[in-house]
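Input: a single structure, listed below in structure tokens.
Read-outs: derived from the displayed coordinates by stated rules, not from any lab. Just so you know, these numbers come straight off a predicted model, no measurement behind them. Here the Cβ positions follow ideal geometry from the backbone for every residue, glycine too, while neighbour counts run over all protein chains shown.
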2 protein chains.
Amino acid sequence: MNICTYSYEEYLHLVKSFHGTLAPGLLIGGFIVDLAMKHLPEGEFFDAVCETPVCLPDAVQILTPCTIGNGWLSVLPFGKFAVTLYEKYSGKGVRVYLDTKKLDAWPEVRDWYFKKKKKDQQDADALFAQIKEAGHRLLGIQQVQVEPEKVRRRKMGPVAVCPVCGEAYPTRDGDQCRACRGETPYKDARVLDAAP
Amino acid sequence: MNICTYSYEEYLHLVKSFHGTLAPGLLIGGFIVDLAMKHLPEGEFFDAVCETPVCLPDAVQILTPCTIGNGWLSVLPFGKFAVTLYEKYSGKGVRVYLDTKKLDAWPEVRDWYFKKKKKDQQDADALFAQIKEAGHRLLGIQQVQVEPEKVRRRKMGPVAVCPVCGEAYPTRDGDQCRACRGETPYKDARVLDAAP
């Protein structure tokens, strides 16, 4: 049993190294991305959509060329455990999701997914064993037609210096940057003498 | 000259492998993360804020334990070239940014950053050489107090089966999932016979 070009054990190693922990969602995510890769529509370039920011984007980033920073991976805030890989120009895609109808055969996975047990009540060994045993059998697969303009990040456009903070920002945001317009998450900021 | 625990050449290799291309933003991003790591406030656990989704999040994901999927990296839509690393509990942080006041000494970097030249007019060799030569000297550094609740993703909360699509979704989104409520980026979806 492989996850894309890796053995299952190699994939676990990559997950630990990149994501920090062997999260159940990332193990299922490995099978999700693997199944999607096996059903790619024709074409040369693929972008990815991940329908939750939790765990799953890291499976995509580990296993495909799509990352947050290069813009080929879009993350939607739907809280749904699904990944779509689609041909960049045509929008033709394949969507793989965790199929709730199939979970009764794997009760530890079901209870984890529906949060029926607190973390300290979970039998982690049984959960990991069921994920590995079930593999693709937890999943459903759909053909989809993606509307790329609904998922791709907008081009940044022209850049100018913000008259308040003196840093560069996209002028589409108005006459000052969004941080200076009140969206900053910092309570105070003070330039360090350590500036090089 | 190192980028965190890597030599500059090792870092270039990692960038190519993870991000796909040697993007100028990711090279500067390496210096940004490196400088921030050198000025970490005291504490055991750090989270990251990246003030743009373009390129820079990948420098954080390559060089720190913080990723999109594990939630330790938050991406803000400010279009600003800055990364903050902050102590998870106290919010004490260090913010490193590209300092526009320092760019005149590195004209290729300045012209790239302010988009003064089209891609085919850029002298890529000169740009890369100036980035490498300038390193930390392109950057400014600030002490900041982060308000973590403004940047961290919300807990997903209880999960139920969406009565429309039959997939699991967070009940905080209402009586059906956001995709079924009209936010789907797919024009049509059809279950494949290939479902395992």
Legend entry - Cα-based Kirkwood hydrodynamic radius, segment B:3-95, one decimal, Å: 13.1 Å
Inset, instruction - Take the Cα pairs of segment B:1-159, get the Kirkwood Rh, then feed it into Stokes-Einstein at 10 °C and 1.306 mPa s and tell me D in µm²/s. - result: 98 µm²/s
Legend entry - Where the Cα pairs of segment B:77-142 fall when distances are cut into 10 Å bins, in %: 19, 42, 26, 11, 2
Inset, instruction - Report the residue of chain A with the smallest Cβ-to-axis distance, using the rotation axis that brings A onto B, in whole Å. - result: A:ILE68, 3
Legend entry - Neighbouring partner chain Cβ atoms per residue of B:77-88, average, 10 Å criterion: 5
Inset, instruction - Over segment B:120-184, consider all pairs of different Cα atoms and compute the Kirkwood hydrodynamic radius from their mean reciprocal separation; express it in Å, one decimal. - result: 17.0 Å
Inset, instruction - Give the range of the longest stretch in chain B that excludes all chymotrypsin sites (Phe, Trp or Tyr not before Pro) found in loop regions by DSSP and having at most 13 other beta-carbon atoms within 10 Å. - result: B:90-196
Inset, instruction - Would you list the P(r) distribution for segment B:155-196, with all Cα-Cα distances sorted into 10 Å bins from 0 and each bin expressed as a whole %? - result: 27, 46, 24, 3
Inset, instruction - Anything over 18 Å Cα to Cα? Flag those among A:LYS132/B:LYS155; A:LYS92/A:LYS150; B:LYS88/B:LYS150; B:LYS80/B:LYS115, in the order listed. - result: A:LYS132/B:LYS155
Inset, instruction - Starting from the Cα gyration tensor of the protein assembly as shown, multiply each eigenvalue by 5, take the square root, and state the resulting semi-axes largest first in whole Å. - result: 37, 23, 21
Legend entry - Under-5 Å amide H pairs with A:VAL159, H placed in peptide plane, nonlocal only: A:THR171
Legend entry - Rounded FRET efficiency, nearest 0.05, which uses the C-beta distance separating A:ARG154 from A:LYS115 and R0 of 41 Å: 0.75
